[in-house]
Amino acid sequence: MKKFLISASLLSLIAQPAFAATGKPNTSAIVMFLLFIAATMMITWWAARKTQTTADFYTAGGGISGFQNGLAIAGDYISAASFLGIAGMVYVSGYDGVIYAIGFLFGWPVVMFLVAERLRNLGRFNFADVTSYRMQQTPMRLLAASASLLVIALYLIAQMVGAGKLIVLLFGIEYKISVIIIGVLMMVYVFFGGMTATTWVQIIKAVLMLFGATLMTGLVLYAFNFSPDALLKEAVTVHPQGMALLEPSQKAIGNPLNAISLGIALAFGTAGLPHILMRFFTVSSAQEARKSVVWASGWIGYFYLLTFIIGFGAIALLHKNPEFFTNTNGEIDIVNGLIGGANMAAVHLAGAVGGNLLLGFLAAVTFATIVAVVAGLALAGAASIAHDLYANVIARGRSTEKTEMRISKISILVLGGLSILLGIVFENQNVAFMVGLAFAIAASANFPVLVLSISWRGCTTRGAVIGGFIGLISATLWVVFSQTVWVDVLGYSTPLVPFPNPGIVSIPLAFLSIWFFSVTDKTKRAEEEREAFTALTVRSQTGIGRSQAVDH
């Protein structure tokens, strides 16, 4: 799990480009950083005037086009950490790093064909609306909120730590103050602008990231006269692994069971991430939801293709720049000697091919990435608290729109304060396992419940709740007992489980548990839920009745 979603451990290193090899602040990075803040504040001011109702706050009133939403989803999904991490893995292991990029991309066909259209037709604000459509509101929303808030909390910790380190290195201020700055910015975006502001921040970030990666790729290929063959030939010539760089190995994925487990989690985890699923309610129709996935898949696939070239470009070009390495006896160690580690390969490459300006741009884009992801996570968390827990569990559907909006905004402030606190507490901790655990929980708890509740007539509340919690708990415990946490974090000598990725165990266990506890449920309520499946199927396929409130 440590290597799976490389994100969190990289985030503390992301800001290093602001200081590069000189140890002096990068003026261009600071200027671009401030320009981004100014632009997003203007967007928030504009969005605040359009955000009047809960539909505006949670889903931008359903007024986002498929193309815009596809870019926003890409902005949510393409993190600076995965960019640097995958490029770093290609730099170290070559072909193995490409496996991760393919795995991240593979999750999108699952989203497109299994959940995107049905989510838009059945739900109103978040995926809990869908899972509770024909089932009991209270237990289903408690399950959805529990898993979603845990996923969101784990992501928030990693993002806040990375953002704090970035601001520290950009401005030279204390870490605690930098975490407070990023937390306040996130609260401003979401509190005043809601989903509209969050969406446009994500769109801007996606455009910047795609532009930066494209520019870097173009400069790398230019150095080899736009010949990929020449690029790869130089890479295998200078890298210690030689031709093995272009062949698969077990260094990145471990034993076959762990590889399968990783692949399952990558494929199904995307379809269970609450802040990604929430984006399908921002469009006007199921057709636009499908367009969103098509556009997002295209942007994400294109981006990860660029990381492949960037990773091999770093191998081929950086060895000519000894200032990027910690030299031992005048020798350059390509794999282990890179300043900041292999995860800094893309960063150093930006400086090598584009100079200080591209270096600064990459630092600013990294900050934009973190802010966009944090804002999306906070909004998804607010929806879980205000819409699921308060409006439908505590108030049992009797809450007014004004009250729910107030609870949502209070939730944003609470989540912002909590994220600041967690960012400070986990400053020096290895939080890589938290991001991996978030994906595993999404694939083990949210995905099975979501898919079976909308595609299997026999699914009942009892089966979904018990199976969902079994998936959640088993995934959490597996990671805790793995090498990633049990040994690397807690300091024990040997792990209690044979490999770190829980997906091959927790995901089938969740599906089997949902099936078993559903087929053995003979209550009258269970029969009514099975009979309601026909109505659910009609609505999920046609959208008839979509304009009506989902909460009942």
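The values are calculated or read from the model by the stated rules, or taken from the named source; none is laboratory data. Just so it is clear, the model here is predicted, and its values are computed rather than measured. All Cβ positions, even for glycine, are placed from backbone atoms using ideal geometry, and neighbour counts span all protein chains on display.
Checked against (1) without any contact (Cβ under 8 Å) to a residue 60 or more places away in the chain; (2) among the small types (Gly, Ala, Ser); (3) over 28 Å from residue 175 (Cβ atoms), residue 411 passes all but condition (3). Entry remark, the stretch 168-181: residues being assigned to a helix (DSSP H, G or I) and either at pLDDT below 80 or of a type in the set (Gly, Ala, Ser) (or both) number 5 in total.
Condition test on residue 507, is it modelled with pLDDT of 90 or more, in contact with a Ser or Thr (Cβ under 6 Å, 6 or more places away or on another chain), buried (at least 19 other Cβ atoms within 10 Å of the Cβ) and not polar (S, T, N, Q)? Criteria met by residue 507. In the set (1) closer than 27 Å to residue 113 by Cβ; (2) in contact with an Asp or Glu (Cβ under 9 Å, 6 or more places away or on another chain); (3) assigned to a helix (DSSP H, G or I), residue 454 fails one condition alone, (2). Condition test on residue 261, is it surrounded by 15 or more Cβ atoms within 10 Å (Cβ to Cβ), within 29 Å of residue 484 (Cβ to Cβ) and among the hydroxyl-bearing types (Ser, Thr, Tyr)? The answer is yes for residue 261. When restricted to residues that are under 21 Å from the mean Cα position of the chain (by Cα) and more than 14 Å from residue 291 (Cα to Cα), the stretch 120-129 contains 4.
Mind checking which residues of the stretch 35-75 are surrounded by fewer than 19 Cβ atoms within 10 Å (Cβ to Cβ), closer than 30 Å to residue 359 by Cβ and in contact with a helix residue (DSSP H, G or I) (Cβ under 9 Å, 6 or more places away or on another chain)? Correct list: 35, 37, 39, 41.
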